[in-house]
Amino acid sequence: MADEKISLIQWLEAAFLGLLQGLTEFLPISSSAHLRIIGPLLPSGTDPGAAFTAITQIGTELAVLIYFRHDIWRIANAWLRSLGRRQAAPDHDARLGWLVIWGSLPIAVLGLVFQEAIETHLRNLYITAVMLIVFGLFLGAADRFGSKQKALTAMSWRDGIIFGFAQAMALIPGVSRSGGTITAGLLMGYSREAAARYSFLLAIPAVFASGFYQVYKSWGVAGPIAAGPTILATVTAFFVGYGVIVVFLRIVSSQGYWPFVWYRVALGALILGLLLAGKLLPH
């Protein structure tokens, strides 16, 4: 009976963590931070780990593929056509395809180089809390002072690599993949919606590569959460994430990013308070 009860708890916890992943992945509030914080507070008291986070992100990125399928199909077609043509400058969609590839290199290289630190030392909750606050303030400053005029058609190669390094900062829990890229976009003068849309597109190669690499790496290896519950969490993240994309794009078009800024600062301060009071352990 005890094993059955534990198994049921793990299924329920996995479904909840998948819900949390779907709710937070596309918002600039760091899904990895939320999974890192909430996991130890659940009945099992287990940090779900970097592998679980990467695998469940596959679900949310499938939601991106479906929601942006027309944009992705158009960009992919233009990029493929550009391979067989010799021209001084590819059209906008083809260039955007190259920029997504170019911008994915920083997170791929840095993720491999610092893999051990990402999966261990950087999951310290003090680091997570500070990153939530600091990058929340950066996001607020970018939303306040950015010109918010540029469209994605104006993106240069320089902008593409800056977006890429901003995304790579999300290897640290608390930074936020979307938060980092959106902040960089706003600081470079892109509109709120343009920065958000490109954040979604840029994440596709990195998230799928990271997720499937973790599937390969953890195949047959016992982790904090078993394979079945992890799949359930991934499916849950997909359905919830699709709904969040729709709502999020509407919010940022009309209200900006300040609700997320205040949330990040408040959550980071709460975590620091709980850590200092001994209610949470940093590792």
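The values are calculated or read from the model by the stated rules, or taken from the named source; none is laboratory data. These figures come from a predicted structure and were not determined experimentally. Every residue, glycine as well, gets a Cβ built from its backbone with ideal geometry; the counts of neighbours run over all protein chains shown.
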**Request:** Report, by residue number, each residue of region 132-183 that is among the basic types (Lys, Arg) and touching a strand residue (DSSP E or B) at 6+ places or on another chain (Cβ under 9 Å).
**Result:** LYS148, LYS150
**Asked** Is there any pair with a first residue in region 120-143 that is more than 20 Å from THR53 (Cβ to Cβ) and modelled with pLDDT of 95 or more and a second that is of a type in the set (D, E, K, R) and surrounded by fewer than 19 Cβ atoms within 10 Å (Cβ to Cβ) whose Cβ atoms are under 6 Å apart and which are 6 or more apart or on different chains, and what are they?
**Response** none
**Message:** Suppose we filter region 44-77 for residues that are closer than 17 Å to LEU96 by Cα, in contact with a Phe, Trp or Tyr (Cβ under 8 Å, 6 or more places away or on another chain) and charged (D, E, K, R); how many remain?
**Reply:** 0
**Asked** Do the conditions hold for VAL240, that is, is it among the hydrophobic types (A, V, I, L, M, F, W, C), modelled with pLDDT of 85 or more and part of a helix (DSSP H, G or I)?
**Response** yes
**Message:** For the condition at pLDDT below 85, part of a loop (DSSP other than H, G, I, E, B), surrounded by fewer than 22 Cβ atoms within 10 Å (Cβ to Cβ) and in contact with a helix residue (DSSP H, G or I) (Cβ under 8 Å, 6 or more places away or on another chain), what is the one hit in GLY256, GLY223?
**Reply:** GLY223
**Asked** Scanning for something closer than 23 Å to LEU122 by Cβ and surrounded by fewer than 16 Cβ atoms within 10 Å (Cβ to Cβ), does region 228-235 turn up at least one residue?
**Response** no
**Asked** Is there a residue in region 198-207 that is at pLDDT below 90 and either surrounded by fewer than 24 Cβ atoms within 10 Å (Cβ to Cβ) or among the β-branched types (Val, Ile, Thr) (or both)?
**Response** yes
**Item:** Residue ranges of helices (runs of 4 or more DSSP H) in region 1-83 with at least 2 members modelled with pLDDT of 85 or more and over 18 Å from the mean Cα position of the chain (by Cα)
**Value:** 2-24, 69-83
**Asked** So is LEU249 of a type outside the set (Gly, Ala, Ser), touching a Leu at 6+ places or on another chain (Cβ under 6 Å) and part of a helix (DSSP H, G or I) or not?
**Response** no
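Residue by residue through region 8-57, note down the ones that are acidic (Asp, Glu) and under 18 Å from PHE239 (Cα atoms). Can you show your working first?
Restricting attention to region 8-57, the residues satisfying the condition of being acidic (Asp, Glu) are 13, 25, 47.
Residues satisfying the conditions are GLU13, GLU25.
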